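Below is one structure, written out as structure tokens; the observations come after it.
The values are calculated or read from the model by the stated rules, or taken from the named source; none is laboratory data. Remember, it's a predicted structure, so these values are computed and weren't measured experimentally. Methodologically, a virtual Cβ is constructed for each residue, glycine included, from the backbone with ideal geometry; neighbour enumeration extends over all protein chains shown.
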Amino acid sequence: MVARVWRGWTTPANADRYELLLKEVIFPGIEGRQLAGYRGIELYRRDESDETEFVTTMLFDSLEHIKGFAGTDYEVAVVPERARALLSRFDARSTHYQVRVANPTRPS
């Protein structure tokens with residue numbers, strides 16, 4: 001499995017709107033594409049006094065499946081215009097990692 005990691009930053013004033021856009025529009029849109037090898041997405045948020053950082057981790061079975069999502073130049077960030085309008089800056093390229101442990105056991 002391969003993790004695709006990307007970061008973007010907003011102003012504190014745009015943070016909640018950006019998160020809502022991700023949860024209600026962008027993530028469901030990705031799910032709706034029914035991409036081969038796509039295993040899900042996680043969202044992380046860190047609020048600071050002057051900006052809010054968001055990190056997404058998408059999981060895919062392989063780099064070939066990531067290319068089905070992002071294209072041949074698979075490291076290029078996929079950032080819809082509606083998201084760009086709320087971001088103050090973002091990584092132009094995603095990074096990719098081989099997943100060594102997934103879904104660790106959690107105590108009940």
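Within segment 56-71, which residues are without any contact (Cβ under 8 Å) to a residue 24 or more places away in the chain and assigned to a helix (DSSP H, G or I)? Full working, then the answer.
Of segment 56-71, the ones without any contact (Cβ under 8 Å) to a residue 24 or more places away in the chain are 67, 71.
Across segment 56-71, the qualifying residue is only Lys67.
Using beta carbons and a limit of 9 Å, which pairs, at least six apart or on different chains, have the first residue in segment 1-26 and surrounded by 16 or more Cβ atoms within 10 Å (Cβ to Cβ) and the second one in a helix (DSSP H, G or I) and acidic (Asp, Glu)?
Sorted first by the residue in segment 1-26, then by its partner, the pairs are Thr10/Glu19.
Quick check on segment 41-50. Is at least one of its residues surrounded by 15 or more Cβ atoms within 10 Å (Cβ to Cβ) and among the small types (Gly, Ala, Ser)?
The answer is no, given that none of the residues of segment 41-50 is surrounded by 15 or more Cβ atoms within 10 Å (Cβ to Cβ) and among the small types (Gly, Ala, Ser).
Condition test on Ala77, is it more than 24 Å from Asn103 (Cα to Cα) and free of Cβ contacts under 8 Å to residues at least 24 places away in the same chain? Spell out the reasoning first.
On the way: more than 24 Å from Asn103 (Cα to Cα): yes; free of Cβ contacts under 8 Å to residues at least 24 places away in the same chain: no.
Criteria not met by Ala77.
Look at Tyr74 and say whether it is of a type in the set (Ser, Thr, Tyr), modelled with pLDDT of 95 or more, surrounded by fewer than 15 Cβ atoms within 10 Å (Cβ to Cβ) and not in a helix (DSSP H, G or I). Even if it seems obvious, please write down each step before you answer.
Details: of a type in the set (Ser, Thr, Tyr): yes; modelled with pLDDT of 95 or more: yes; surrounded by fewer than 15 Cβ atoms within 10 Å (Cβ to Cβ): no; not in a helix (DSSP H, G or I): yes.
No.
Name, by its number, the condition in (1) free of Cβ contacts under 8 Å to residues at least 12 places away in the same chain; (2) within 15 Å of Arg4 (Cβ to Cβ) that does not hold for Arg84.
If we test Arg84 against (1) free of Cβ contacts under 8 Å to residues at least 12 places away in the same chain; (2) within 15 Å of Arg4 (Cβ to Cβ), just (2) comes out false.
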